[in-house]
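Visitor: Here it is, the structure in full.
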Amino acid sequence: MTRFVESTITFPYKRSLGPVTGAFMTALADKRILGVRNGTDVLVPPMEWDPATGAELAADLVEVGPAGTVESWTWVPEPTEQHPLDRPFAFAFIRLDGAANPLLHALDAGSPAAVSAGMRVAPRWREERIGHITDIACFVPGVRSEVDGTDVGGPGQPVELMDYTAAITYSTPVLAMADHALAATREHRLIGLRCPTCDRVYVGGDRPYCPVDALELGADAEVELPNAGTITNFIVVEPVQYPGQTVTEQFARVFVLLDGTDVVLTYQPVIDLPVGDIHVGVRVSAVWAPRDTPVDTFSGIGRPMGSLLGWTPSGESDVHDPDLVNRIY
């Protein structure tokens, strides 16, 4: 039976807002809503180009609202953590006074019976504003704006940059063979599969097949692998200092050719081996976590697998073999 492991990759970055979006965000921190003139119309939020023709628009900004009229809406009975409110609410298209197009935002009306097309609404501002569309916590029935608490204000300076976080969540299938290999590491064992036809040994794959002979490998093909080997290649990583980065020092990942086999374990961490001392031919041995220590249930590229924490110098003499650098898999 296949299980799945969910992972999330995030990448924080800053975006330059420019003269139009920057002015819009700065105004929100001051409890004002700006649009941009497009002929006789006013577009909200303001844009730098005509959405119909693509023609560049002059940065002729004008204040609208803050009250507006609901044109259409939909009710959200069970909000999730990704929604702007933690209670049932409506998403509504709201045409602010003076605007030519509706603005999509949350409407806190209490119940769907209290919402209707044509109703008048006004913004509820956050007490502390940063220059972001979420400075409007939501809209509420009526024509008078309000503040959600004590009015703390905004940053007091133009908003030119904005923090963003790009993220993607995905699920990785982990098949039975991978779980079996993981369980072996808890016993401080590395296991592989030997093809009875070509005699090659494979390790780390999810599917128990020999890729050369297309032969399925069963439990009778399982072999114990040694806990010692030789570094054949390595990379030194200089961490890029982006927002949220916690690693600041150089670190290395090495390729380890296991003794007496053709198995190369790739992108392995090293322990008690300074970056400056890493070179091809260094003899290393496996370092294991204590048997009762909880371990990761899935290993990605560049991470140790299960209870295997990494590799440390064994104290043996270097191996001098010019062919080692060709052993990358």
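Visitor: Please go through segment 26-43 and pick out each residue that is assigned to a loop (DSSP other than H, G, I, E, B) and under 23 Å from G153 (Cβ atoms).
Guide: Within segment 26-43, D30, K31, R32 meet the criteria.
Visitor: Sticking with this structure for a sec: Give me the residue from segment 256-310 that is of a type in the set (S, T, N, Q) and out of contact with any Pro (no Cβ under 9 Å at 6 or more places or on another chain) and, out of that set, modelled with the lowest pLDDT.
Guide: S299
Visitor: Tally time: how many residues in segment 115-140 are modelled with pLDDT of 95 or more, open to solvent by 50 Å² or more (accessible area, probe 1.4 Å) and in contact with a Pro (Cβ under 9 Å, 6 or more places away or on another chain)?
Guide: Counting residues in segment 115-140 that are modelled with pLDDT of 95 or more, open to solvent by 50 Å² or more (accessible area, probe 1.4 Å) and in contact with a Pro (Cβ under 9 Å, 6 or more places away or on another chain) gives 1.
Visitor: Pick out the one residue from N227, N233 that is surrounded by 11 or more Cβ atoms within 10 Å (Cβ to Cβ), over 22 Å from G306 (Cα atoms) and not hydrophobic (A, V, I, L, M, F, W, C).
Guide: Sole residue among the options that is surrounded by 11 or more Cβ atoms within 10 Å (Cβ to Cβ), over 22 Å from G306 (Cα atoms) and not hydrophobic (A, V, I, L, M, F, W, C): N233.
Visitor: Name the residues in segment 141-165 that are among the small types (G, A, S) and open to solvent by less than 50 Å² (accessible area, probe 1.4 Å), would you?
Guide: Once the filter is applied, which keeps residues that are among the small types (G, A, S) and open to solvent by less than 50 Å² (accessible area, probe 1.4 Å), segment 141-165 yields G142, G153, G154.
Visitor: Let me ask something additional. I'd like to know if segment 190-197 contains one or more residues that are at pLDDT below 85, in a strand (DSSP E or B) and surrounded by 13 or more Cβ atoms within 10 Å (Cβ to Cβ).
Guide: Among the residues of segment 190-197, not one is at pLDDT below 85, in a strand (DSSP E or B) and surrounded by 13 or more Cβ atoms within 10 Å (Cβ to Cβ), which makes the answer no.
Matching residues to (1) open to solvent by 70 Å² or more (accessible area, probe 1.4 Å); (2) polar (S, T, N, Q); (3) touching an Asp or Glu at 6+ places or on another chain (Cβ under 6 Å); (4) within 21 Å of F139 (Cα to Cα):
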position: P19; (1), (2), (3), (4): yes, no, no, no
position: G22; (1), (2), (3), (4): no, no, yes, no
position: M25; (1), (2), (3), (4): no, no, no, yes
position: D30; (1), (2), (3), (4): yes, no, no, yes
position: G35; (1), (2), (3), (4): no, no, no, yes
position: T40; (1), (2), (3), (4): yes, yes, no, no
position: P45; (1), (2), (3), (4): no, no, no, yes
position: P51; (1), (2), (3), (4): yes, no, no, no
position: G65; (1), (2), (3), (4): no, no, yes, yes
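Visitor: Look at A286 and say whether it is touching a helix residue (DSSP H, G or I) at 6+ places or on another chain (Cβ under 9 Å) and of a type in the set (G, A, S).
Guide: Criteria not met by A286.
Visitor: Which one of L182, L175 is within 26 Å of V5 (Cα to Cα), out of contact with any Gly (no Cβ under 7 Å at 6 or more places or on another chain) and at pLDDT below 90?
Guide: L175
The values are calculated or read from the model by the stated rules, or taken from the named source; none is laboratory data. Predicted model only: the values in this text are computed from it and were never measured. FYI the Cβ positions are ideal-geometry reconstructions off the backbone, even for glycines, and counts take in every protein chain you see. Surface accessibility is based on the protein's heavy atoms, side chains included, excluding ligands, DNA and RNA. Shrake-Rupley method; radii C 1.70, N 1.55, O 1.52, S 1.80 Å.
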